[in-house]
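Contents: one structure, followed by commentary.
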Amino acid sequence: MSAVIEIEGLRKTFHSMRSGRRVAVDGFDLLVEAGQIHGFLGPNGSGKTTTLRALLGLVRADSGRMTVLGEPSPELLPRVAGQVGAIVESPQFFGNFSGYRTLRLLARAGGVPVSRVDEVLDLVGLSDRGDERVKGYSLGMKQRLAVASALLKDPRLLILDEPANGLDPAGIREMRDLMRSLSASGVTVLVSSHILGEIQLICDHVTIISRGRRVASGRVDEVLAGHDRHEFLVRVAEPERAVELLHAADLTAVVDGEALVVGGVDDPTVISRVLGEQGLWVGELTPLRPDLESVFLELTGAYEHPSVPRQVDDSSLPHGEAVIDLDRGVDA
Amino acid sequence: MNLVRAELERLSARRFVQLMVVLLVLAFAVTAATTLVGSHKPTVSELNSAREQAADARRSMEVTHQQCLAYQDDSLPSGTNETFPSDCSAIDPIRQDRLPIAADYLSGVFNFADQARPLLYFLIAFLVLFGFLVGASYIGADLNSGGVVNLLLWRPRRMTVLAAKLGTLLGTVLVLALLASAAYLATFWMIGQTAGLPGRLDGDFWRSLGAVHGRGLVLVLLASAVGFAIATLGRHTSAALGALAAYAVVWELGGRLVLEIIDARRPDRLMLSSHIGAWLSGGARFFDPRLCAGSSGTDYCEGFYSLTWPTALAVLLLLTGGLTAAAFAVFRRRDLI
Ligand SMILES: Nc1ncnc2c1ncn2[C@@H]1O[C@H](COP(=O)(O)OP(=O)(O)O)[C@@H](O)[C@H]1O
Ligand SMILES: [Mg+2]
């Protein structure tokens with residue numbers, strides 16, 4: 001498969017008079033291949049937007065190598081810009097223009113046939129409101145307009161920065177369907193989000209960023225599998241006795257309320273056999289699969305002190321410099 | 001070309017630009033209307049009496065001159081205690097720039113030939129302000145509203161995008177200025193023809209008016225580019241306004257004072273306003289008594305020095321070019337958030 005976006009060792013430091021130096025992106029890597037719906041996941045302030053801005057030539061990286069559709073960016077980005085549709089952070093539009101006029105203006109500036117404007121307005125569900133002024137749009141409608149502007153070029157690569165921002169549940173669902181259908185028609189999609197459920201629902205690949213660094217990447221199911229602790233939830237009549245029996249069988253087990261959490265299980269039939277042999281019949285045996293949320297929280301260190309309000313910069317890197325990269329194996 | 005078309009649409013849709021155009025039309029209408037109301041076509045008797053008054057005035061000038069000459073020759077009959085200049089040629093009617101003419105003695109009559117130049121200066125002043133403000137707000141608002149970022153996502157060529165904006169701005173301002181000044185002069189010419197006096201509209205008049213017009217348009221374009229460049233450098237419309245105000249207060253007022261205190265020579269040479277004046281009127285003379293401080297009593301020292309229009313133009317071009325080049329250089333590398 002060919003790489004559509006490659007980022008290697010991207011670093012970006014912001015200098016400001018008030019807060020001094022701030023490393024927003026710190027040696028970040030990203031690989032998006034053709035045909036993927038790639039989730040770009042990270043807590044607020046982790047560097048997603050900055051990464052996308054650097055990739056699209058809006059901010060100058062300190063160092064790092066980037067390519068978009070095979071061309072080094074930002075130097076030769078203009079060569080492929082016609083095939084890249086992007087929104088970065090909620091784009092602002094000129095409030096006095098209608099949605100239609102806004103898009104027509106962009107279409108003209110980019111040499112896209114104006115007939116395309118109606119098509120994309122329809123795609124994002126704004127065809128009835130296209131003649132109204134952008135000023136009067138809701139946040140969600142502006143977001144839709146932004147997506148429409150990114151689609152105007154009929155891009156091969158679509159980059160969306162937090163597209164779900166401001167959308168209602170129905171809007172989020174429509175956005176998801178839109179991305180799926182675009183992907184089915186061959187468009188590669190990179191979508192950033194801090195909402196995990198979203199990514200898990202539509203993305204096949206994911207890269208997780210925390211404090212400017214990549215902490216995990218790969219196929220969504222593999223990232224999840226990499227964090228599977230092989231735990232099962234077990235309900236039995238006598239939990240305490242069951243724990244002893246399971247310990248004797250070299251399994252970890254703790255009582256958790258009414259039930260048990262049993263760990264280190266490769267084959268769950270062992271649990272029912274061990275307990276059944278002693279007359280303890282298993283009432284429920286549920287695998288505890290990690291979801292992206294728990295992986296994300298674990299990787300970004302966001303759940304270590306649930307009682308203390310978490311600050312945006314408290315996100316952590318995993319122990320040492322270990323980066324889980326399921327395409328390349330774990331490197332420490 | 002597409003980019004320019006798109007920019008043209010954005011520029012013309014800007015509220016501020018529309019407001020300024022309305023103001024221009026309004027100021028224009030008010031001036032024209034008051035002129036029209038305050039002027040009438042002179043009657044034959046008014047004309048005749050004005051002609052007589054002018055002839056009288058010319059005659060009395062001649063008489064005074066003759067008296068002066070006679071006074072120098074001591075041939076003046078005693079009893080006149082009039083004072084005369086030491087050099088009678090100063091009041092020689094033949095040597096005057098202009099002599100009293102009939103039009104000077106017509107009140108309430110608009111004279112196009114006399115008034116065209118000051119009217120044009122007024123229009124140019126307005127257009128200079130217009131260009132500066134529109135230039136600044138056009139890029140300033142776009143930088144702040146994310147319009148530039150949107151456009152760059154489409155066309156990631158910063159130099160092209162900025163150049164298209166500047167080009168569109170200058171083109172639009174030029175067309176507007178041409179239309180406005182044509183309509184303006186035509187209206188007052190009509191007033192002169194129908195409700196006043198056209199005055200002496202010979203080749204010299206049109207040539208000199210045309211020159212002022214051309215120089216004025218150049219000034220309008222330079223002001224637009226400067227407003228655009230400063231707002232680009234400072235990322236805000238207000239940067240241009242602030243820079244303008246700061247320059248006026250710190251340099252034109254404060255700097256002038258300091259120069260005065262330290263007894264610097266030719267302080268006006270260092271003021272932008274002098275160069276603007278010199279460019280617009282084709283040259284300017286300034287008085288500086290310090291120039292005569294060192295001269296001996298024997299040679300005559302006038303204390304005047306002049307700024308020529310080529311120098312003034314060079315200064316203005318250098319300033320505008322420098323600011324514009326800086327704006328492009330900074331915009332090329334800047335982080336656009
Ligand atoms: N223009 C800027 N000046 C200074 N710091 C910035 C700027 N833009 C972003 N940052 C900082 O860089 C970090 C990453 O920001 P960002 O990329 O916007 O995060 P995300 O999009 O993941 O929420 C944050 O800590 C933010 O404060
Ligand atoms: Mg962001």
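The values are calculated or read from the model by the stated rules, or taken from the named source; none is laboratory data. As the structure is a computational prediction, the values presented were derived from the model and not from experiment. FYI the Cβ positions are ideal-geometry reconstructions off the backbone, even for glycines, and counts take in every protein chain you see. Areas reflect the complete protein model, heavy atoms only, side chains present, ligands, DNA and RNA absent. Shrake-Rupley method; radii C 1.70, N 1.55, O 1.52, S 1.80 Å.
Residue A:89 meets each of the listed conditions (1) surrounded by fewer than 21 Cβ atoms within 10 Å (Cβ to Cβ); (2) more than 16 Å from ligand 1 (Cβ to nearest atom) apart from (2). Of the residues that make up the range B:288-300, is at least one loosely packed, with under 13 Cβ neighbours inside 10 Å, part of a loop (DSSP other than H, G, I, E, B), among the acidic types (Asp, Glu) and away from chain A (no Cβ under 14 Å)? Within the range B:288-300 (the criterion being loosely packed, with under 13 Cβ neighbours inside 10 Å, part of a loop (DSSP other than H, G, I, E, B), among the acidic types (Asp, Glu) and away from chain A (no Cβ under 14 Å)), the answer is yes, since at least one residue qualifies.
Name the single residue, out of those in the range A:25-46 being among the aliphatic types (A, V, I, L, M) and closer than 19 Å to residue A:73 by Cα, that is farthest from ligand 1 (Cβ to nearest atom).
Filtering first and then ranking leaves A:34.
Here residue A:142 clears all of (1) assigned by TED's automatic domain parsing to the domain that holds residue A:10; (2) within 30 Å of residue A:271 (Cα to Cα); (3) open to solvent by 20 Å² or more (accessible area, probe 1.4 Å) except the condition numbered (2).
Quick check on residue A:237: is it surrounded by fewer than 16 Cβ atoms within 10 Å (Cβ to Cβ) and touching a helix residue (DSSP H, G or I) at 6+ places or on another chain (Cβ under 6 Å)? Taking the combined requirement at face value, the residue does not satisfy it. Only one entry of B:179, B:222 meets the criterion of being within 24 Å of residue B:12 (Cα to Cα) and open to solvent by 40 Å² or more (accessible area, probe 1.4 Å), and that entry is B:179.
Looking for something more than 14 Å from ligand 2 (Cβ to nearest atom), among the aromatic types (Phe, Trp, Tyr) and either within 14 Å of chain B (Cβ to nearest Cβ) or open to solvent by 30 Å² or more (accessible area, probe 1.4 Å) (or both) - is there at least one such residue anywhere in the range A:11-31? No; the residues of the range A:11-31 include none that is more than 14 Å from ligand 2 (Cβ to nearest atom), among the aromatic types (Phe, Trp, Tyr) and either within 14 Å of chain B (Cβ to nearest Cβ) or open to solvent by 30 Å² or more (accessible area, probe 1.4 Å) (or both). Every condition in (1) open to solvent by 40 Å² or more (accessible area, probe 1.4 Å); (2) in contact (Cβ under 8 Å) with a residue 24 or more places away in the chain holds for residue A:119 except the one numbered (2). Residues in the range A:145-194 that are aliphatic (A, V, I, L, M) and touching a strand residue (DSSP E or B) at 6+ places or on another chain (Cβ under 6 Å): A:146, A:150, A:151, A:157, A:158, A:159, A:160, A:179, A:187, A:189, A:190, A:191. The strands (runs of 3 or more DSSP E) found wholly in the range A:80-194 and carrying at least 3 residues that are in contact with a Lys or Arg (Cβ under 9 Å, 6 or more places away or on another chain) occupy A:188-193.
Of the residues that make up the range A:146-165, is at least one among the polar types (S, T, N, Q), modelled with pLDDT of 90 or more, within 25 Å of residue A:43 (Cα to Cα) and within 16 Å of ligand 2 (Cβ to nearest atom)? Among the residues of the range A:146-165, not one is among the polar types (S, T, N, Q), modelled with pLDDT of 90 or more, within 25 Å of residue A:43 (Cα to Cα) and within 16 Å of ligand 2 (Cβ to nearest atom), which makes the answer no. Looking across the range B:2-26, the residues that are hydrophobic (A, V, I, L, M, F, W, C) and surrounded by fewer than 14 Cβ atoms within 10 Å (Cβ to Cβ) come down to B:19, B:22, B:23, B:25, B:26.
Yes or no, residue by residue, for (1) within 14 Å of chain A (Cβ to nearest Cβ); (2) at pLDDT 85 or above:
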| site | (1), (2) |
| --- | --- |
| B:44 | no, no |
| B:88 | no, no |
| B:92 | no, no |
| B:113 | no, yes |
| B:153 | yes, yes |
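Here is a yes/no grid of residues against (1) of a type in the set (D, E, K, R); (2) under 20 Å from the mean Cα position of the chain (by Cα):
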position: B:233; (1), (2): no, no
position: B:237; (1), (2): no, no
position: B:250; (1), (2): no, no
position: B:268; (1), (2): yes, yes
position: B:274; (1), (2): no, yes
position: B:279; (1), (2): no, yes
position: B:285; (1), (2): yes, yes
position: B:289; (1), (2): no, no
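Applying the set (1) over 30 Å from residue A:209 (Cβ atoms); (2) of a type in the set (Asp, Glu); (3) open to solvent by 70 Å² or more (accessible area, probe 1.4 Å) to residue A:284 leaves exactly one unmet item: (3). Within the range B:302-336, the set of residues being more than 18 Å from residue B:240 (Cβ to Cβ), touching a residue at least 24 places away in the same chain (Cβ under 8 Å) and among the aliphatic types (A, V, I, L, M) comprises B:307, B:312, B:313, B:315, B:317, B:336.
Tell me, please, whether a residue that is open to solvent by 10 Å² or more (accessible area, probe 1.4 Å), on the phi < 0 side of the Ramachandran plot and touching a Phe, Trp or Tyr at 6+ places or on another chain (Cβ under 9 Å) can be found in the range A:50-71. Yes, the range A:50-71 has at least one match.
When the residues of the range A:166-197 are filtered to those that are polar (S, T, N, Q) and touching a residue at least 60 places away in the same chain (Cβ under 8 Å), which remaining residue is nearest to ligand 2 (Cβ to nearest atom)? Once the filter is applied, the top-ranked residue is A:192.
Please go through the range A:32-75 and pick out each residue that is more than 11 Å from chain B (Cβ to nearest Cβ), more than 16 Å from ligand 2 (Cβ to nearest atom) and of a type in the set (A, V, I, L, M, F, W, C). Matches in the range A:32-75: A:32, A:34, A:37, A:66, A:69.
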